[in-house]
Structure formats: C-alpha cells, structure tokens
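Heads up: the structure comes next, in structure tokens.
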Amino acid sequence: MNSLKTTFLLGTLFGLFMLFGALLGGSNGIIFAFIFALILNGASYWFSDKIVLSMYRAKELTQEESPRLHQIVAQLAVSAGIPKPRIALVPLPVPNAFATGRNPEHAVVAVTRGLLDLLEDSEVEGVLAHEISHIKNRDTMIQCLAAALGGAIVMLAHTARWGALFGIGRSERDGNIFELLLMAVLAPIAALLIQMAISRSREFVADESAARISHKPLELAGALRKLDATAQRYPIRGNAATSHLFIVNPFRGGLSSLLSTHPPIAERIARLEKMTGF
C-alpha cells in the first residue's frame, strides 16, 4: 500500500511540475529547469555517501574494530539479497542511524556511538534491518527524484515571480498575472508537502521490510521508542535537510507534524507490534 502511495505522490509531484510549467508557458524553460535541478540533485545523489559521512564526521569501521556489527550487517544483507554495505560510526552521543549511498553496491549504514551504548544487540539488529531496507528499496534514488522535481518547481516559481515583476513571460490571452503569482507561491509549498509525504511513506515501507528481514518487529519497535525519547530530550545540531536520512528525526522544533519527514513514532510502533510471526 505504501509503495503505491509513493508512486501516486511522485506522479502528483510530476503533475504539479507540468501544470505549473504549462501555466508559466514555454516548454524550453520547463525542460531547462528540470534538467538543471536534476543535475544538482544528481551530483548530490552520486556522492551522497561521501557528503553525508563527512558532514557528520563519520568514520568507517573495519571488521577488526567491530566484528559483531559486521556480523549483524552481513547476515541482514544476505537476508535482504543485497551486497554487504560498509559500516560507519558517527561520534555523537545521541542514539540514531542512517543509510546513504547511490545504490546497494555503494551503500553505507552509519550508527551513532549513542545507539551502540543504549540498545541491546537485538534492537541494534532491528535498526540496521531498517537501514538496509532503505538500501534494498532504493529510497535514496526515490528521494533524489522527488528532490529534483521539487527543485524544478522552486526554480519555475522564481522565474514566475521575476517574470511577473518585469511583465514578461505571459500575455493577456494566456491568463492574468495574479493567477501566475498565486501559483508561484502555492506550488513550492505543495511540492514540499508532497516530498515530506513521500519520505513518511518510505519510512513505513522500511519498517515493514525490516521486520521481514530481521524477524524482529518488536525489537525494532522497542528501539524506536528509546531513540525517539532520547531525541526529544537531546536533539542534535546539523543540517535539517538530512533529517529524512535518520531512522528517527534527530532535529526538534520549528516544524509541524505536517512538515515532518517521519511518521508519528506511536503509529510506527503500533504497526510493528502487529507484525509478529515473520
């Protein structure tokens, strides 16, 4: 169901892009905006592992440094049917984890020092299964496409506002200037909301997939409960644009639940608690 929802939301985002482009006028401008946004986000996607690991000063862990962690990841990768991802340690006391990399062959799962200190091995396994599910489901690619479409809509909005300011880009027969300005304001907001909804739907998919891979839905539910409680007390400092990468949102304040990149923890836990027997 959530995979269908993701497809629908991506289609809606693309439809919004095409509608705004048609309203703005000029197919060449639409194509240029989309290609430019795709190049920018494509570069971030291609080097995502290096960019994010550097941002959080993560250090890759060798087999000798953490044999147990490597063993867990290797077993989960086999269950997921993907190559074993690299493992990195983030030097943060707040428990959390994320996955990044442009595809399963260039993926890395990262855990914070706080996560290893707080969770039991079975809970760590549930968390790592969630991150490996993101890799298996190619969620990085999905988020990149959503970001490219959202970026293109923002570019078109800037073009529309400047065009309206200087009276270029539309004639009277094409419609009135108020309609264009209204779309320039509303389209980026709608695009952001859709991107957030896509991110939330992928978290549900990763939770379900993790339960099937690890056979530990209750352990993952327990880990989520602990991680969320700690994140609320001790939010980390960082780039809020990376919040969708983490298993729980590590940033607090300033965003309503509507704009959250993560579903409510209580709902995620309730779903996992129903998934016994995998």
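The values are calculated or read from the model by the stated rules, or taken from the named source; none is laboratory data. Small disclaimer: the values here were computed from a predicted structure and weren't measured. When we count neighbours, we look across all protein chains shown, and the Cβ atoms used for this are built from the backbone with ideal geometry, even at glycine.
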Kindly evaluate residue 99 against the criterion of being in a strand (DSSP E or B) and crowded, with 17+ Cβ neighbours inside 10 Å. yes
Of all residues in the stretch 109-120 being under 18 Å from residue 265 (Cβ atoms) and in a helix (DSSP H, G or I), which is farthest from the chain's Cα centre (by Cα)? 118
Is it the case, given these coordinates, that residue 154 is assigned to a helix (DSSP H, G or I), surrounded by fewer than 21 Cβ atoms within 10 Å (Cβ to Cβ) and in contact (Cβ under 8 Å) with a residue 12 or more places away in the chain? yes
Any idea how many residues of the stretch 74-86 are surrounded by 20 or more Cβ atoms within 10 Å (Cβ to Cβ) and in contact with a strand residue (DSSP E or B) (Cβ under 6 Å, 6 or more places away or on another chain)? 1
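Looking only at the stretch 68-103, count every residue that is more than 16 Å from the chain's Cα centre (by Cα) and either more than 23 Å from residue 232 (Cβ to Cβ) or of a type in the set (S, T, N, Q) (or both) and tell me the total.
22
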Given the condition touching a His at 6+ places or on another chain (Cβ under 7 Å), modelled with pLDDT of 95 or more and part of a helix (DSSP H, G or I), answer yes or no: does some residue in the stretch 218-235 qualify? yes
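Out of 105, 123, which single residue is out of contact with any helix residue (DSSP H, G or I) (no Cβ under 8 Å at 6 or more places or on another chain) and either more than 17 Å from residue 222 (Cα to Cα) or in a helix (DSSP H, G or I) (or both)?
Numbers: 123 fails: out of contact with any helix residue (DSSP H, G or I) (no Cβ under 8 Å at 6 or more places or on another chain).
Selected residue: 105, the only one of 105, 123 that is out of contact with any helix residue (DSSP H, G or I) (no Cβ under 8 Å at 6 or more places or on another chain) and either more than 17 Å from residue 222 (Cα to Cα) or in a helix (DSSP H, G or I) (or both).
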Pull out all pairs, ordered by first then second residue, where Cβ-Cβ is under 6 Å, the residues are six or more apart or on different chains, the first lies in the stretch 241-261 and is of a type in the set (Asp, Glu), and the second is outside any helix (DSSP H, G or I) and at pLDDT 75 or above. none
Would you tally the residues in the stretch 157-193 being at pLDDT 75 or above and buried (at least 19 other Cβ atoms within 10 Å of the Cβ)? 5
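Anything in the stretch 253-278 that is modelled with pLDDT of 65 or more and part of a loop (DSSP other than H, G, I, E, B)? List them, or say none.
Listed by number, the residues that qualify are 260, 261, 262, 263, 264, 274, 275, 276.
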